[in-house]
Amino acid sequence: MESRNLLLISNSTNAGEKYLDWCKDMIADFCQENNIKKVLFIPYAGFAQGYDKYEKIVADVYKTFGVEVYSIHHSSEPIKEVISAECIAVGGGNTFYLVNQMQELGIMNAIRERAFSGMPYMGWSAGSNVAGLSLKTTNDMPIVEPKSFETMGLVPFQINPHYTDFIDPKHGGETRDDRINEFIAANQTIYVAAIREATALRLNKGKLSLVGRDNKMKVFHHNSPTTEYSLKDDINFLLQA
């Protein structure tokens, strides 16, 4: 039986809203469905604000629905923390820095093994990026150089969080679509799920669905028409990629 249990959120904050406010109920439901009381938080993407501060911001949100958050950065044995975790949440920020830290600490493979064995996993922004095959479709600046671009492969496709097809008429550079089309030209067998703000991907009992507010996801694949999918559409073909 399929055991992966994932909640992969595009963004933590909508304009004018508090941190995780738009998806707080979604996270609370995920925790309640899985009887989660304690979450191991991976804060490394948000290093610029400081891990203690980041932990408190996230913990204060989870506290509102009765779930305790503790950050892995306090531990001297991070792999053991992952092995014993009830649930893991990976926060947003810079994906390159996150991947670099996860690789150096050896927790990338440990989290992957736990997630494939059924441990509930949730992430937002960079935390969703690392659930895909690689960080190659992140929007982030490569401020550090990890050993590899490969990530956990919890889903067999690429994720592009914060996706937008808005075109600023004053901007003459590449659009997001241009950059993703470059990726699929260079990686012709791989799908890219571009998830807009206020949406998430939910994988449970072998079924993948788009959830959140009424917004569409765009899927890119080489030599295929780029297609948009709504919350009601069947997107399970992505699991067969």
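The values are calculated or read from the model by the stated rules, or taken from the named source; none is laboratory data. Just so you know, these numbers come straight off a predicted model, no measurement behind them. Here the Cβ positions follow ideal geometry from the backbone for every residue, glycine too, while neighbour counts run over all protein chains shown. Protein only, heavy atoms only, side chains kept; ligands, DNA and RNA dropped before computing areas. Shrake-Rupley method; radii C 1.70, N 1.55, O 1.52, S 1.80 Å.
What is the magnitude of the charge dipole of the chain about its Cα centre, with +1 placed on the Cβ of each Lys and Arg, -1 on the Cβ of each Asp and Glu, and no other charges, expressed in debye to the nearest 20?
Numbers: 24 positive and 29 negative charges, 66 e Å.
Roughly 320 debye for the chain.
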| remark: Taking Cα atoms, the helix 95-105 axis meets the longest principal axis of the chain at an angle in degrees (rounded to 10) of 40 degrees
| request: Only helical DSSP H runs with n ≥ 4 go in: add -39500 (n - 2.57) per run for the chain, normalise by residue count and round the 222 nm mean residue ellipticity to 500 deg cm²/dmol. | output: -8000 deg cm²/dmol
| query | Can you give the angle from 0 to 90° between the axis of helix 176-186 and the longest principal axis of the chain, with both taken from C-alpha atoms, to the nearest 10? | reply | 90 degrees
| request: State the extension gain, in nm to one decimal, for the chain segment bounded by D21 and E2, taking 0.36 nm per residue of separation less the distance between their alpha-carbons. | output: 3.8 nm
| remark: Rounded to whole Å², per residue accessible area for the chain with a 1.4 Å probe reads 47 Å²
| task | Work from the charge dipole of the chain (Cβ charges, +1 for Lys and Arg, -1 for Asp and Glu, about the Cα centre) and give the residue of A126, G172, P156 farthest towards its positive end. | result | P156
| query | Of the listed peptides 41-50, 153-162, 21-30, 226-235, what is their order by residue-averaged count of other C-beta atoms within 10 Å, with the highest listed first? | reply | 153-162, 41-50, 21-30, 226-235
| Projected onto the charge dipole of the chain (+1 at Lys/Arg Cβ, -1 at Asp/Glu Cβ, origin at the Cα centre), which of I83, N14, T95 gives the Cα projection farthest towards the positive end? | I83
| Cα-centre dipole for segment 56-141 with unit charges at Cβ (Lys and Arg positive, Asp and Glu negative), debye to 20 | 140 debye
| note | Under the rule rounded for a/c under 1.5, else prolate if a/b exceeds b/c, else oblate, using alpha carbon gyration tensor axes a ≥ b ≥ c, segment 152-241 is classed as oblate
| Relative contact order computed over the chain (Cα-Cα under 8 Å; 6+ residues apart), in percent | 22 percent
| Rounded, prolate or oblate: which one fits segment 1-88, using the alpha carbon gyration tensor with axes a ≥ b ≥ c (rounded when a/c is under 1.5, else prolate when a/b beats b/c, else oblate)? | oblate
| query | Hey, what angle do you get for helix 24-33 against the long axis of the chain, alpha-carbon based, 0 to 90 degrees rounded to 10? | reply | 60 degrees
| Given R₀ = 25 Å, FRET efficiency for D60-V211 by Cβ-Cβ distance, to 0.05? | 0.60
| query | Hey, got the dipole for segment 1-104? About the Cα centre, +1 on K and R Cβ, -1 on D and E Cβ, debye to the nearest 20? | reply | 120 debye
| For K53 and N223 in the same chain, what is the full-extension length gain: residue separation times 0.36 nm, less their Cα-Cα distance, in nm? | 56.7 nm
| query | Considering only protein heavy atoms and a 1.4 Å probe, what is the carbon-and-sulfur percentage of the accessible area of segment 129-241? | reply | 48 percent
| query | Which shape class applies to the chain: rounded if a/c is under 1.5, otherwise prolate when a/b exceeds b/c and oblate if not, where a ≥ b ≥ c are the square roots of the Cα gyration tensor eigenvalues? | reply | rounded
| field | Highest average packing first - 96-105, 111-120, Cβ atoms within 10 Å | value | 96-105, 111-120
| task | Mind ranking 74-84, 6-16, 168-178 by how tightly packed they are, going by the mean number of other C-beta atoms within 10 angstrom, highest first? | result | 6-16, 74-84, 168-178
| note | Taking the alpha-carbon centre of each part, the distance from segment 212-226 to segment 151-197 in Å is 10 Å
